[in-house]
Amino acid sequence: MIVAPPDVRSVARIALVLEVRPTVIDEFPAAPTAAEIFPIYLVADTSGSTVRNDFHAGWLRALPELVYLVEEHGDAGRVCVLTFATDAVVRVPLTAPARLTMLPATVPGGVTSLAAGLRRLADTVAADRAQFEADGITVRAPRVLVLMDGLPTDATPELLLARAALDAVLGTAPPHLAVPAGADDLALAGLRMTVHRIADADPAEVAAGMVGAARSALSDPSGCAVSR
């Protein structure tokens, strides 16, 4: 099933494809031409609870626009899409937006294991950096935006271990987190992420909140904070 994306600018070429496999872009990605790479990782919650309050529908609506934001960073911009529920999957490997012709339309299901997402993200960031550095390409500090519909279901020790693994590859750059307005501040503080609140009245409003959080994440490299 092909679903037309909402954006009609340069991402008009991108279609959302209903599939659960990782998306392969233009066969095997060619070697990048930029001397410097700016990697941007979109990490989305696709657990069963995301069917509530239009969170998942908003994610699908926002995805083409999120890719467009990466494209605004020119030849250096690279985007990776990773989703998590009970397990985590890299849906789009780190790729230049211009190479994308399709994006995965994910299916909700499972529990909200942020720990699984952070572990897979840490492994992915480390592998991507090692590959670019082996090719003699400078890699800027990555930006990470996590999109989650509420609090994770992981036990605290497991979540802290996964967060520490991510720290080891991200350094001092904190991830950004977009969550609905009702999520508990104190619980979120333990994640040590820059928090952006998003409204969840309908898919368009959810998508707009996600895109707004992405703009902030890409423009502000400062430390952890909460935006309301």
Give the number of residues within region 183-192 that are out of contact with any strand residue (DSSP E or B) (no Cβ under 6 Å at 6 or more places or on another chain), over 15 Å from T50 (Cβ atoms) and either among the aromatic types (F, W, Y) or surrounded by 14 or more Cβ atoms within 10 Å (Cβ to Cβ) (or both).
-> 2
Only one of (1) farther than 19 Å from L82 by Cβ; (2) part of a helix (DSSP H, G or I) fails for L161. Which number is that?
-> (1)
Just checking, which of P180, P152, P174 is in contact (Cβ under 8 Å) with a residue 40 or more places away in the chain and under 15 Å from the mean Cα position of the chain (by Cα)?
-> P174
Has region 124-141 got any residue that is buried (at least 17 other Cβ atoms within 10 Å of the Cβ), farther than 24 Å from P174 by Cβ and β-branched (V, I, T)?
-> yes
Kindly state which strands (runs of 3 or more DSSP E) lie completely within region 41-146 and contain at least 1 residues that are in contact (Cβ under 8 Å) with a residue 60 or more places away in the chain and either of a type in the set (A, V, I, L, M) or within 16 Å of V211 (Cα to Cα) (or both).
-> 88-95, 102-105
Would you check if T83 is surrounded by fewer than 17 Cβ atoms within 10 Å (Cβ to Cβ) and hydroxyl-bearing (S, T, Y)?
-> no
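Kindly indicate which of A98, A116, A88, A62 is modelled with pLDDT under 95 and either more than 22 Å from P203 (Cα to Cα) or out of contact with any strand residue (DSSP E or B) (no Cβ under 7 Å at 6 or more places or on another chain) (or both).
Working: A116 fails: modelled with pLDDT under 95; A88 fails: modelled with pLDDT under 95; A62 fails: modelled with pLDDT under 95.
Only one candidate passes the filter, namely A98.
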Report yes if V206 is in contact with a strand residue (DSSP E or B) (Cβ under 7 Å, 6 or more places away or on another chain), surrounded by 15 or more Cβ atoms within 10 Å (Cβ to Cβ) and assigned to a helix (DSSP H, G or I), otherwise no.
-> yes
Can you name the condition, by its number, that V195 falls short on among (1) in a helix (DSSP H, G or I); (2) surrounded by 12 or more Cβ atoms within 10 Å (Cβ to Cβ); (3) without any contact (Cβ under 8 Å) to a residue 40 or more places away in the chain?
-> (1)
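The values are calculated or read from the model by the stated rules, or taken from the named source; none is laboratory data. Quick caveat: nothing in here was measured; it's all calculated off a predicted structure. As a convention, Cβ positions derive from the backbone with ideal geometry for all residues, glycine included, and neighbour counts pool all protein chains shown.
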